[in-house]
Amino acid sequence: MEKNNEQLLDDRKVKILDAIIRNYLATGEPVGSRTISKYTDLNLSSATIRNEMADLEELGYIVQPHTSAGRIPSDKGYRFYVDHLMKEKDREVSEMKKFVIEKTQKMEQVLKSVAKMLATNTNYATMISAPTYHNKVKFIQLSSVSAHQILAVVVMNSNIVKNHMIDIEEELDNETLLKLNILLNSALNGLALQEINLATIARLKEQAGIHSQVVSDVMDALAQALSEQEDLQIYTSGATNILKYPELTTSDNATNLLSAFEEKDELISLVNETLAETSSETGIQVYIGNETPIQTMKDCSVVTATYELGDGVKGTIGIIGPKRMDYENVMDNLKTLRSQLDGILNKSKGS
């Protein structure tokens, strides 16, 4: 049904819909046929444009609010505009002006700067999450501490290191520890927690022979290390920009939105949803109206992008504004940041 509707949109209808949306994005006011006749280069009469607008309304791309003579885009209209805009915007993004961050700054400072810069450049509320890690085993090292204790050092793909003391009944010589290290690393390197099944553990314990209890204790320590996740840090900026848009300041909208930025629980849900989504070719997700997973943002548009630092290390950038947001500017900013963030964060971590 959706595809049939799209096929009914000839070039003229697409241009008129585009003109309605762009004009509404700029003014926030319902758009009439006379405005469109001046706005486009179609050289069509107001009567012809009215007929086309009637067709667009029947197809569900625009709606008439109240008794106004003008039309505004529906969620379906915004969706059509965004999808086509994303396809068309396949050009190189210019360097972000005045975006200079000293490589000696910590990651937190970088992320706060990014959120503030985005809020300034877009005039919307912005958020960015610190990178999260999909932990996998990179290396395991067993070392003797005393006659009845060994130290298990677990290094993960994110280079996070976890140390665990393990009590043993009898002292293990260097040759035995070496064999256990080889055994564990050969079987477990590159695996995530969910990839280590009971069969893998049983096989390891069998190969360890009389030292199967050591392997069992190491596996317990490994499960704890892989399942541990640092608290997700989210940095925000420009929350009060929401108050600039009348459609978001009615009833409890503004209070709920500002509360979401203050408490951040809903933003964490948004980050988790974004990271779980399969990225499009552009790496950008657009949630319009009720499409957003966050109930308090159902009257907004939310545009998110995932940035990657390699080895499963990912974070989320998000911009929240009215449905009439300047999608073109928002996506330009997000594309620029995605291309630059990798190098910036790696420099800040390596400093």
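Each reported figure results from applying straightforward, stated rules to the coordinates on display, with no laboratory input. Just so it is clear, the structure is predicted and the values come from calculations on it, not from any experiment. Here the Cβ is made from the backbone with ideal geometry for all residues, glycine too, and neighbour counts use every protein chain on show.
Quick look at the numbers
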read-out	value
Over 29 Å (Cα to Cα) - which of LYS15/LYS314; LYS179/LYS314; LYS264/LYS323; LYS116/LYS323; LYS15/LYS112; LYS38/LYS335 fall in this group	LYS15/LYS314; LYS179/LYS314; LYS15/LYS112; LYS38/LYS335
Simple label model, 7 Å out from Cα along Cβ direction - SER216 to LEU178, nm	2.8
LEU184, LEU172 arranged by Cβ crowding within 10 Å, fewest neighbours leading	LEU172, LEU184
Sequence ranges 135-146, 9-20, ranked by mean other-Cβ count within 10 angstrom, highest first	9-20, 135-146
Ranked packing of 239-248, 188-197, most packed first, by mean Cβ within 10 Å	239-248, 188-197
Nearest-0.05 FRET efficiency for ASN290 and ASN51, computed from C-beta distance (R0 30 Å)	0.50
Gained length - VAL155 relative to GLU170, 0.36 nm times residue gap less alpha-carbon distance	2.8 nm
Computed FRET value (nearest 0.05) for ASN43 with GLU108, which takes r as the C-beta separation and R₀ as 51 Å	0.40
Per-pair calculated FRET efficiency, R0 = 41 Å: LYS162 and THR249 via Cβ, rounded to 0.05	0.30
